[in-house]
Structure formats: structure tokens, C-alpha cells
Amino acid sequence: MSTDPCPDLERLFLGLSEGDPEMARHLEGCAACAALVEEHRQLEKDLLRLADPLPPPDFVQKVMARVERVPTPVRREVWSGVAILAAAFAGIAWIVFTDPGTASSLGAWFATALVSWREVLFAAGQGIAAVWSTAALPLVSVASMMFLVVLFGLRRLAVVQSPSRVSA
Amino acid sequence: MSVAEDATTSHPWKPDVLAARKGDPKAFAALVRAVQRPVYGLCLRLLANEAEASEVAQEAFLRAYQNLHKYDVERPFDLWVLAIARNLCLDLLRRRTRAPSENLEEMKDTLPSHAATAEETAIARQEHLSLEAAMATLSADDREVLALYYVQKRTTKEIAQVLGVAPGTIMARLFRAREKLRQKMQPQENPS
Ligand SMILES: [Zn+2]
């Protein structure tokens, strides 16, 4: 007979499920705990006999009707991509046309970066460097660079982003 | 067994997911057909209302379709949709104003009971709440873990994936839910 005080019920059950010898020993000597464990066992047997109800017979049909009504996911992505690109270009245009100071300093900075980059990679680049220092080409470069960044971002958005509540 | 055959056996949903991604509606319909019962079943157990369960389960499949390109085909498809459905159910429960106990009578009629004979049902009504009805009075947290483990026979690891929690916490949750259910089933404590 066990004279140990009864353990907390949760400790008893988790201990038993993990094969804790102390809990098993307590159970052998305690009729009250043994009866509780038996009640749980019976309840588990009843629970295991429950089954999922059948969905309505037209369930698949209803889902497919809704699926057909939404634009295909690929097309949605393309449209959101176009929208983001349009916004990006609008931003660039705004910088160029409303604030020439910002545009030219941005262009000058970019030209410097490009020139030094080119010097490192193509030591033989001769007359082209002079062309890069004009204002027009750097601006075009900034725009195309942003275009590439946006494209890259969109690609990442489509492949990587997976909201936790959806993929949980 | 070839590599392709092996992949199909261990990931039976994979070919249909890949085809559905390319826009094949029949492939997506096959996926819906394969997992509709557990998804609808979990929704009904959480919402205790057939119309709402059907609506939310449909919505879950629609979201799965829209996010199919983000789904990792190496993970079980049914668990992924179950997780989406469960989140939608919890959102709805949070928005719902009426108490779940008001749905008790409805629940008795909508869910199949293992105690099917009239005599058994009569006894159950006289002495204590039926198991299904008692389950319906538990919190959503308790109901979902009981439904996934006992009704759908899922492992603690699978349940952890659906609920987005650590697998080590599932056994304790199960015990607590079962203990609450046991107390609800006590005729002297909960006369109906
Ligand atoms: Zn004891």
C-alpha cells in the first residue's frame, strides 16, 4: 500500500504516459488514483469511437464554383507586380520632376559609384567613363536599377513570403 | 519501387498540387475531395453550426487555392488546410457574440453519436450529457485538441503542426481537455 500523498493529476498522467516508475508505483497503491485513471481510459475509448461528420454532398462543387470565380493566383501576382512597378516609376518621376536638386545629386552619386565600379571591373574602359558623368545616363541607370530591385523583390514576395497563419 | 512511385506513396497529394498550380481544376477538386471530411469535421466541432462550418471550410479551401504556390509540397496537404481552416474558425469564434452553450441543442442534432440506440440516448439525456454535447461545452482550445487526437486519430506531432505549437505541449493539453470532459460527464456535478 502506498502512503505517499496523491500527486497532482496532470503530473500523474504525464508521468504515466512517459513511463515514470514513481507514478506507476503510486497508482498500484492508491485506489482513488487508479479509479481516476480507469475513468480516463474509458473516456478515451468512447472518444476514439467518434467520427467526423460528412460534409454536405455538394461541398466539392461549391468550393470549385468559388475557385472558378477568383482570378488565378498567377494573374493576381502579375497585376500586383504591375501595380508596384507603376508606383515605383511614379516615385522616380516625382523625384526627377519635382526636385531637380535631389535628382542630380542622386545621379552624381550613382555616376561616381558606377565609374569606380567600372574602373575596377573593366580597367580598359576608355572613353565611356566620360559619357557616364553626364546627367541623363545616371538617371536612366537609377531607374533601371530600381526596376531590377522591384522585380527581384516581387520574385521573393511570390516565392518566400508565406504568412504564418496560412502555412502554420 | 521507382523514385516517382515512392514520392507518390509518401506524398500522395504532390502530383495533384503540382497540376493544380498549373491551373488544372480537376486536380484541385481531387485535393478538396481527399481532405474535405477532416476539414469540415474540425470546422463543425469548433463552430457547432453546419452552415457556418460549410462556409468556413469552403473559405479555407479557397485560401489554400490562392496560396498554393506558397505551400511546401513536402508537408502534408491535409495538415496545411486544417491549419488554415482552424485559424478561420478561431477568427469567427472571436467575432461571434453568442455563447457556445446556446448551440448545444443544435450540436446534439448535427453530430453523429456512437450511442445510437433510442434507449441509450434516452438514458444519456436523463443521466448526463452525451459525449458529443459535453464536448461542445468545452472551450475551442479543448475541442480542437480532442477532435484532432481522438476523432481524427492524428499524432501529437501532427496536431502541433496544425495548432502551430511545440509537440511537447500536446499531451498536457489533451489531458486537461479530457479531465474537463470527464467532469462534464459526471451526472451529479452537471445534471442536464
Ligand atoms: Zn493517489
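The values are calculated or read from the model by the stated rules, or taken from the named source; none is laboratory data. Treat the numbers as computed from the prediction; the structure is a model and nothing was measured. Cβ atoms come from the backbone with ideal geometry, glycine included; neighbour counts cover every protein chain shown. Side chains are part of the model used for accessible areas, which takes the heavy atoms of the whole protein and leaves out ligands, DNA and RNA. Shrake-Rupley method; radii C 1.70, N 1.55, O 1.52, S 1.80 Å.
When the residues of the stretch B:76-85 are filtered to those that are more than 8 Å from chain A (Cβ to nearest Cβ) and open to solvent by 10 Å² or more (accessible area, probe 1.4 Å), which remaining residue is nearest to B:Lys157 (Cα to Cα)? Taking the candidates together, the pick is B:Pro76. Considering (1) facing chain A (nearest Cβ under 9 Å); (2) over 14 Å from the mean Cα position of the chain (by Cα), the lone condition that B:Ala51 does not fulfil carries the number (1). All conditions but one from (1) exposed (fewer than 13 other Cβ atoms within 10 Å of the Cβ); (2) more than 14 Å from chain B (Cβ to nearest Cβ) apply to A:Leu27; the one that does not is (1). Note on the stretch B:14-53: residues that are under 20 Å from A:Leu50 (Cβ atoms) and open to solvent by less than 10 Å² (accessible area, probe 1.4 Å) amount to 11. Among the residues making up the stretch B:150-160, those that are more than 8 Å from every other protein chain (Cβ to nearest Cβ), in a helix (DSSP H, G or I) and farther than 18 Å from B:Cys89 by Cα are B:Thr156, B:Lys157, B:Glu158. Among the conditions (1) at the interface with another protein chain (Cβ under 10 Å from one of its Cβ atoms); (2) at pLDDT 95 or above, the only one that B:Leu131 does not satisfy is (2).
For the condition surrounded by 12 or more Cβ atoms within 10 Å (Cβ to Cβ), at pLDDT 75 or above and not hydroxyl-bearing (Ser, Thr, Tyr), what is the one hit in A:Leu9, A:Leu114, A:Leu85, A:Leu106? After applying the criteria, what remains is A:Leu9.
Candidates in the stretch A:33-47 are the residues that are touching a residue at least 12 places away in the same chain (Cβ under 8 Å) and either away from chain B (no Cβ under 14 Å) or more than 9 Å from the ligand (Cβ to nearest atom) (or both); of these, the one that is nearest to the chain's Cα centre (by Cα) is A:His40.
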